[in-house]
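Step one of this worksheet: look at the structure below.
Coordinate-derived values only; no laboratory data. Predicted, not measured: the structure shown is a model, and the values here were computed from it. With ideal geometry, Cβ positions are generated from the backbone for all residues, glycine too; neighbour counts draw on all protein chains shown.
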Amino acid sequence: MSALIELEGVVKQFPGDTEPVLAGISLEVGRGELVALIGPSGCGKSTVLNILAGLIRVTSGTLRINDRDARVSYVFQRPRLLPWRKVRRNVEFSLEQADVTGAARRRAAEAAIERVNLTGHEDKYPHQLSGGMQQRVALARGLAIEPSVLLLDEPFGALDALTRSYMQEELLGIVRGTGTTALLVTHDIDEALLLADRVLVMSSRPGRIKHELRVPFGTERSLDALLQDPEYGRIRSELRHLLRPEVVEELNG
Amino acid sequence: MVDELRTRVTARRGGASHRRRALRLSPRLLVRLLLFLTAIGVLFLAWVLGSHHYPDYILPGPQPVWDSFTSMLDRGVWARQVEATLGHMFTAYGITIGIGLPLGILIGRFWVVEDLSRALLIFLQTVPTIVLIVLALIFVGTTATGVIAVTVASCLPYFTLNVIQGTKSIDRDLIDMARSYRAGELTIMRSIIVPSVVPYFLAGGRITLGVAWQVTLFGEYLMGTPGIGFQVSAAIKLLDTPSVYAWGLSVVGLTIAFEYGVFRPVEAVLTRHMRRAE
């Protein structure tokens, strides 16, 4: 079976820039696989997601999503909720675009809201919710259409550490439970190791994939179990060493 | 003044405890309300005292002004003229919004439209109203159409500029979010751009309404079109100063009535998602 997402030699250079953001990215994400893209800030990780979401075009290279009816959901670092819509209608936004109507739309929204544990908050406006709850609404909006591809751009980056680890485990349960294919962009090594089947390490600008690591912890994971696994410490420091020169380079321009 | 009070109270309200805080504020609010009423009282007193020193055709006291008002009311003149003026004004206001809202959004979204319309907007913003009135007299004569046309021409830049500003300040991230779900231009317009523009639409609507009042009355006055403006012009020619005062105060009253009877309720509905409710 071929991979669901395939990027081959993707180059992206924005007009007016002297060097490309992405200098030939090739990657594959298999069906039901959860891949983390990790790298220093500014390395073009988010650009990869923006390309997959169809928000920007590649300069050269090819990009394929091998599913004619693929539904793509994108969860951003900030919730990006519509302030004038209540929680329910924000979740329904993705369903409206997917032409889900009437009772089916209402049911799907309710199910997604329940999945992120926000039942009872349907009739609140975003500003009445905490940052963590807002991000859960954004996640529910992404999940409501039962996406075949879930793009996650540091989705918990703006949350406090406790909320973040709670949401990471929640997300893990949801993605594993539904067999969703996901590409996660992060700069958090622990997040990558908790969630992903594979971790791709990106170099600083211009972005390339410089290392690939298969995460050996199986699919049933929890942060507590990982922290007691000596292998976890070893892989964690391996990733740190891979990333350190990239961060230094990024800092020194 | 009352506006300012409201803004200050809103600004002080911080999240969860605003209800309690608002209550704690209320004695202060009461004092400020009393000061406001005192100021009205002082103005009224000054009017009464001043009117003793001047003949009625210069500064009539409250009694002759009131008499003039009730007489106009009894004869049905008041209702007829107010109806005519409001007809001119709201027709112009409606046309202004009907043109200005889509125009402002298009200008804010597409630079080609912006450059094409720039000359017209600058012209309308800078040309003296008096010239517009003369032009309207030449082209359409002393009809309601003339007054409406002049009012629209004067109001359009104020309203449109606000909508343009609103369109340009839209959160690009929301548009990208919508695009990532494959939303079309129409959906983006309806679900993101129009709601984003609402606060600017309201601000522009308020300024524009003030301009619309002024220009409509000015137009009626100079073009001799039935309405409050024309009544004022006729009253002055007859040295019927109490009527002038009565009309002036009527407009003040109508403006306040519209602000609290229509504008604020509409505003409350359109910005309900912005209120810090529990």
Restricting to DSSP loop positions (anything but H, G, I, E, B) with no more than 16 other Cβ atoms inside 10 Å of their own Cβ, which GluC sites (Glu not before Pro) remain in the range A:154-241? A:E220
Note down the net charge around A:H211, summing +1 for each Lys or Arg and -1 for each Asp or Glu among other residues with Cβ under 13 Å from its Cβ. +3
Normalised by the residues of chain B, what does the relative contact order come to in percent, with Cα pairs under 8 Å and at least six apart? 23
Within chain A, what percent of beta bridges assigned by DSSP are antiparallel, to the nearest 5? 45
Neighbours of B:I105 by Cβ distance under 14 Å: Lys/Arg at +1, Asp/Glu at -1, summed charge +1
Please arrange B:Y54, A:Y125 by counting, for each residue, the other beta carbons lying within 10 Å of its beta carbon, fewest first. B:Y54, A:Y125
Mind checking the dipole of the range A:31-177: about its Cα centre, +1 per Lys or Arg Cβ, -1 per Asp or Glu Cβ, Debye to the nearest 20? 280
Within 10 Å of each Cβ of B:172-185, how many other protein chain Cβ atoms are there on average? 6
What dipole magnitude, in Debye to the nearest 20, does the protein assembly as shown give about its Cα centre under +1 on Lys/Arg Cβ and -1 on Asp/Glu Cβ? 920
Starting from the Cα coordinates of the protein assembly as shown, work out the convex hull volume and express it per residue in Å³. 216
Please compute the net charge surrounding B:V65, taking Lys and Arg as +1 and Asp and Glu as -1 over other residues with Cβ under 14 Å from its Cβ. -3
From DSSP H assignment alone, runs of 4+ in chain B each adding -39500 (n - 2.57), the sum over residues rounded to the nearest 500 puts [θ] at 222 nm at -27000 deg cm²/dmol
Just going by the charge dipole of the protein assembly as shown, with Lys and Arg at +1 and Asp and Glu at -1 on Cβ, which of B:I133, A:G179, A:L52 is farthest out on the positive end? B:I133
What are the aspartates and glutamates whose alpha-carbon lies under 12 Å from the alpha-carbon of A:K210, with same-chain residues fewer than 8 places away excluded? A:E246
Partner shielding of A:79-87, taken as the mean number of other chain Cβ atoms within 10 Å, equals 5
Packing-based exposure ordering (other Cβ within 10 Å, fewest first) of B:M189, B:M89, B:M223: B:M189, B:M223, B:M89
Would you work out if chain B is rounded, prolate or oblate? Take a ≥ b ≥ c from the square roots of the eigenvalues of the alpha-carbon gyration tensor; rounded if a/c is under 1.5, else prolate when a/b is larger than b/c, oblate otherwise. oblate
When A:I5, B:I175, B:I256, B:I207 are ordered from fewest to most other Cβ atoms inside 10 Å of their Cβ, what list results? B:I256, B:I207, B:I175, A:I5
What are the aspartates and glutamates whose alpha-carbon lies under 18 Å from the alpha-carbon of A:K124, with same-chain residues fewer than 8 places away excluded? A:E92, A:E110, A:E114, B:E278
Where trypsin sites (Lys or Arg not before Pro) in DSSP loops with at most 14 other Cβ within 10 Å are excluded, longest remaining stretch of chain A: A:69-253
